[in-house]
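Everything on this sheet refers to the single structure shown next.
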Ligand SMILES: C[S@@+](CC[C@H](N)C(=O)[O-])C[C@H]1O[C@@H](n2cnc3c(N)ncnc32)[C@H](O)[C@@H]1O
């Protein structure tokens, strides 16, 4: 792995010091979700809150909108379809560098279908500043529609709510099965000040949540099996569901339906860390300068949606969504052969099963009358929950 620069070393030491303080205050250990929350979002210090590059070639990982505008073009196409029916606005959570927002606004402007507003809720002050710089370069007709929010909108909107790779960035809990017991995994501090994994009996609610998962599987989780469970999914979905009067919520992320997520062979969970384009599974190093993510249990998302009064309208691989939303047209319409060849190469990365096409999923949740969505029209390519 690439060694930390002196600045990264210094920053990571400051983040670790803060977390050690929180662990001491908590009596010697904290649950994993608390650790992840601090490592990613401690104000001014966490990975997303501080000023590191994060996304893109010069950062730690690449997302679909950063890889290619084809992705955002297809999302724009899906938004146009919904907005034609519902009118209203687009609301994006966790807009990263703002690249998808810019591309969506430009595409919708070309089609004469601009949303009333393009609302953004971003928890990272650093990324919000970057979004403001990027979207500040748009023509004023587009710029004036963009509004940054500090919390969820109080008045429900009609239109589309978007989140690409936000669910995987919500702090998650971790557990391990030890014979008949469920143990929660947490973090404590070793004698040399480093972070060490800590096992503790799960509280009643958490143990029940793990048993609830097990009851839906074909066989119980084997001894020593460890995985993740994100209890923040349900309140997050309920929160955005309450913001929608009529329209669609489009979620894109890497993840699986529950039976695959907790497959016996996936015995070490799905947690991944990203540092300078190297993926590894140790969240206790490079604290505050690496991303920490976990795959999404899309069955949990669907259950949360159901509880929040939303209809699960579609669940597909990213590849199926992009093809349904008209990606081939964006390639064919390229102005010249060089652009066409570049787009075709980007399309392969977005579509191929070994790249982003299969592990990334698209889910559509709708409220109120909304016609079938073209991104989810290819029935045979839908994934079962
Ligand atoms: C992996 S990045 C994805 C960024 C962007 N959507 C993209 O695809 O390039 C995760 C984003 O979600 C934001 N985020 C994390 N938790 C959030 C929350 N609860 N509400 C809104 N944004 C959140 C992060 O600050 C960051 O912008």
So residue 299, is it assigned to a loop (DSSP other than H, G, I, E, B), within 18 Å of the chain's Cα centre (by Cα) and at pLDDT 95 or above: no
If you check residue 343 against the conditions, is it closer than 20 Å to residue 80 by Cβ and buried (at least 19 other Cβ atoms within 10 Å of the Cβ)?
yes
Of the listed residues (246, 232, 258, 226), the one being in contact with a strand residue (DSSP E or B) (Cβ under 6 Å, 6 or more places away or on another chain) and closer than 21 Å to residue 40 by Cβ is 226
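Is it the case that the range 116-132 has a residue that's away from the ligand (no atom under 11 Å from the Cβ), under 26 Å from residue 361 (Cα atoms), buried (at least 22 other Cβ atoms within 10 Å of the Cβ) and modelled with pLDDT of 95 or more?
Scanning the range 116-132, I find at least one residue that is away from the ligand (no atom under 11 Å from the Cβ), under 26 Å from residue 361 (Cα atoms), buried (at least 22 other Cβ atoms within 10 Å of the Cβ) and modelled with pLDDT of 95 or more, so the answer is yes.
In this structure, is residue 178 over 17 Å from residue 48 (Cβ atoms), out of contact with any helix residue (DSSP H, G or I) (no Cβ under 6 Å at 6 or more places or on another chain) and more than 9 Å from the ligand (Cβ to nearest atom)? Talk me through it step by step, then tell me what you get.
Values: over 17 Å from residue 48 (Cβ atoms): yes; out of contact with any helix residue (DSSP H, G or I) (no Cβ under 6 Å at 6 or more places or on another chain): yes; more than 9 Å from the ligand (Cβ to nearest atom): yes.
Yes: the conditions hold for residue 178.
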Contact list, first residue from the range 114-138 and more than 23 Å from residue 38 (Cα to Cα), second anywhere and surrounded by fewer than 17 Cβ atoms within 10 Å (Cβ to Cβ), beta-carbon distance below 6 Å, six or more apart or interchain, is 117/147; 119/147; 119/149
Checked the range 72-101 for anything surrounded by fewer than 24 Cβ atoms within 10 Å (Cβ to Cβ), within 9 Å of the ligand (Cβ to nearest atom) and part of a helix (DSSP H, G or I); matches are 99
Within the range 142-161, can one find any residue that is assigned to a helix (DSSP H, G or I) and either away from the ligand (no atom under 12 Å from the Cβ) or closer than 30 Å to residue 42 by Cβ (or both)? yes
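Residues are listed down the side, and each one gets a yes or a no for (1) on the phi > 0 side of the Ramachandran plot; (2) assigned to a loop (DSSP other than H, G, I, E, B):
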{"site": "284", "(1), (2)": "no, yes"}
{"site": "288", "(1), (2)": "yes, yes"}
{"site": "292", "(1), (2)": "no, no"}
{"site": "357", "(1), (2)": "no, yes"}
Residue 205 passes all but one of the listed conditions (1) within 28 Å of residue 361 (Cβ to Cβ); (2) within 16 Å of the ligand (Cβ to nearest atom); (3) free of Cβ contacts under 8 Å to residues at least 24 places away in the same chain; the exception is number (2)
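Which of the residues spanning the range 14-36 are under 19 Å from the mean Cα position of the chain (by Cα) and either surrounded by fewer than 19 Cβ atoms within 10 Å (Cβ to Cβ) or in a loop (DSSP other than H, G, I, E, B) (or both)?
Passing the criteria: only 34.
Take the range 321-345 and flag every residue that is under 11 Å from residue 374 (Cα atoms) and either more than 23 Å from the chain's Cα centre (by Cα) or not in a helix (DSSP H, G or I) (or both).
325, 326
The values are calculated or read from the model by the stated rules, or taken from the named source; none is laboratory data. Worth saying up front: this structure is predicted, and the values here are computed from it rather than measured. Note that each Cβ is placed from the backbone with ideal geometry, even for glycine, and that neighbours are counted across all protein chains shown.
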